[in-house]
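Contents: one structure, followed by commentary.
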Amino acid sequence: MKQLLVLFISILSMSSFAGKINRDSTWEDIQKSYDVVAEDSQINFNGTLVGVLDVCLLKEMTLRTKKKVSIYEWSDEVNDDLGPVIVGKDYLTTSRKYLKTYADGDETIEVLQIYPLNYSIDVYDSEDDIQFPGSELFTKNYTIPSCN
C-alpha cells in the first residue's frame, strides 16, 4: 500500500512538471499560458502599439498584424455619448523604417531607425498579475515570421 501511494505521488508530480513552460516551449504555448508573461517589444502602427509576437513580415520592409484588429472612429452622436466606435476590423501595416525623435538640449533630432526582425524576449512568472510580473524565468529568441 505504501508503495502504491509513493507511485501515485510520483506520477502526479511528474505530470505537473511536464506541463510547465520553459525555454524549449513554443511561442504559441508561451502566449497561451496563464502561468507566464512574455515582455515583448512594441511596434507602432500609426498610434496603435502591437507586441512583436503579434506581428508578421508582409514584405521586406513592411510589417503587418497577424490578426485583424478593431478599427475605431470618433463619434459624437452614439447613444448621446462622445467616444470611439468600432467601424470594422482590418489588418494594420507599417514600414519597418521609422523616425525616432531625441532631445538635444533645446532642440530635437530625428534619426531614421529600422525595426529589427530578431528579438530577445524575457519571460516572467505571471504570479496571477499580468501588470506586475514576478521573477524572470528565462530569455528566449524570437524572429518575426513571414505572413501567410
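The values are calculated or read from the model by the stated rules, or taken from the named source; none is laboratory data. Since we're looking at a predicted model, the values are computed, not measured. Don't worry about glycine lacking a Cβ; one is built from the backbone with ideal geometry, like all the others, and counts go over all protein chains shown. Surface accessibility is based on the protein's heavy atoms, side chains included, excluding ligands, DNA and RNA. Shrake-Rupley method; radii C 1.70, N 1.55, O 1.52, S 1.80 Å.
Tell me yes or no: at least one residue of region 52-60 is open to solvent by less than 40 Å² (accessible area, probe 1.4 Å), of a type outside the set (Phe, Trp, Tyr) and under 24 Å from GLY134 (Cα atoms). Within region 52-60 (the criterion being open to solvent by less than 40 Å² (accessible area, probe 1.4 Å), of a type outside the set (Phe, Trp, Tyr) and under 24 Å from GLY134 (Cα atoms)), the answer is yes, since at least one residue qualifies. Evaluated against (1) touching a Ser or Thr at 6+ places or on another chain (Cβ under 6 Å); (2) among the aliphatic types (A, V, I, L, M); (3) at pLDDT 95 or above, ILE86 falls short on exactly one condition, (3). Counting only residues that are farther than 15 Å from ILE21 by Cβ and either at pLDDT below 85 or in a strand (DSSP E or B) (or both), region 108-127 holds 10 of them. Out of curiosity, is VAL37 at pLDDT below 90, among the aliphatic types (A, V, I, L, M) and closer than 30 Å to LEU137 by Cβ? So VAL37 fits the description; yes. All of VAL55, VAL111, VAL87, VAL50 fail the test of being among the aliphatic types (A, V, I, L, M), without any contact (Cβ under 8 Å) to a residue 60 or more places away in the chain and under 21 Å from ASN148 (Cα atoms), apart from VAL50.
Of the listed requirements (1) modelled with pLDDT of 90 or more; (2) part of a strand (DSSP E or B); (3) open to solvent by 50 Å² or more (accessible area, probe 1.4 Å), LYS67 misses just one: (2). When you scan region 94-102, do you find a residue that is open to solvent by less than 90 Å² (accessible area, probe 1.4 Å), modelled with pLDDT under 95, out of contact with any Pro (no Cβ under 7 Å at 6 or more places or on another chain) and at positive phi, even just one? Within region 94-102, not a single residue is open to solvent by less than 90 Å² (accessible area, probe 1.4 Å), modelled with pLDDT under 95, out of contact with any Pro (no Cβ under 7 Å at 6 or more places or on another chain) and at positive phi.
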